[in-house]
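This report concerns only the one structure given below.
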Amino acid sequence: MNALTAQPQKKKLQAALAHASGDKRFKILEVHMKKHQFQHDALIEVLHKAQELFGFLDDDLLLFISYKLKLPPSRVYGVATFYHFFTLKPKGEHTCVVCMGTACYVKGADKVIAAVSEHAKIKAGETTPDNKVSLLTARCIGACGIAPAVVYDGTVTPRATPESAVEQIKKWM
Ligand code: FES
């Protein structure tokens, strides 16, 4: 049994309330599910969108999807773990997700990635050998007005620069 199925009620509640946390990405994901009329068949498509937005699929996110699509958490978790192109919670203690959507890209997100990669000696999608930091990318997290946006441990941060990103990584390493 994993954390996802251990406390279904409590977790379901958390997931249902997740977008009330103010993280716009949950709202965007919900709009996407609505576009698919919350159909069960849209699960893989929804998981793709979720990964695009968040960079990876952690338990709360999977539960949010399960709750909204009215699917058992075990089914959502099963599909997410079956396909190799989905990334579940990365190994790193900390996560740095750099948005590589168009707006962020033109404002220099690639330079932010390059700086973090160079400093932490990992590529996007990898975790440092000491498991301290995972570097991930996402595609348009719905914060284009503050591009380039980087999400440090779940907190969306505006107007990242290579210097500010490296500063943050240094604190974690
Ligand atoms: S492109 Fe990065 S937030 Fe939209």
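Only the coordinates and a few stated rules stand behind these numbers; no lab work does. All values reported here derive from a predicted model rather than from experimental measurement. Here the Cβ is made from the backbone with ideal geometry for all residues, glycine too, and neighbour counts use every protein chain on show.
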**Fill in**
For Lys107, the lysines lying under 27 Å Cα to Cα, once residues fewer than eight places off in the same chain are dropped, come out as Lys24, Lys27, Lys49, Lys121, Lys123, Lys170, Lys171
**Request:** If a cysteine in the chain has no other Cys Cβ under 4.7 Å from its own Cβ, put it on the list, ordered by number.
**Result:** Cys96, Cys140, Cys144
**Message:** For Cα pairs less than 8 Å apart in space and 6+ apart in sequence, what is the mean separation divided by the residue count of the chain, i.e. the relative contact order in percent?
**Reply:** 21 percent
**Asked** Points 7 angstrom from Cα along the Cβ direction at Lys35 and Lys132: gap in nanometres?
**Response** 3.9 nm
**Ranked Phe82, Phe56, Phe26, Phe38, criterion: other C-beta atoms within 10 Å, fewest first** = Phe82, Phe38, Phe56, Phe26
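Applying 1/(1 + (r/R0)^6) with R0 = 35 Å to the Cβ-Cβ distance of Thr81 and Ile146, what FRET efficiency is obtained, to the nearest 0.05?
With R0 = 35 Å, the Cβ-Cβ based efficiency is 0.60.
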**Val166 versus Ala103: modelled label distance in nm, points set 7 Å from Cα along the beta carbon direction** = 2.8 nm
**Request:** Could I have the simple spin-label model distance between Lys111 and Lys123, label points 7 Å from Cα toward Cβ, reported in nm to one decimal?
**Result:** 2.3 nm
**Prompt:** Just the Cα atoms of the chain: what Rg and Dmax do they give in Å?
**Reply:** 16.0, 44
**Request:** Only Cα pairs under 8 Å and at least 6 apart count here; give the relative contact order of segment 94-172 as a rounded whole percent.
**Result:** 41 percent
**Prompt:** For the residues Asp153, Asp58, what sequence is obtained by ranking on other C-beta atoms within 10 Å, fewest first?
**Reply:** Asp153, Asp58
**Request:** Would you calculate a helix-derived [θ] at 222 nm for the chain, using -39,500 (n - 2.57) for each DSSP H run of n ≥ 4 and dividing by the full residue count, to the nearest 500?
**Result:** -14500 deg cm²/dmol
**Prompt:** How far is the Cα center of segment 61-127 from the Cα center of segment 128-159, in Å?
**Reply:** 9 Å
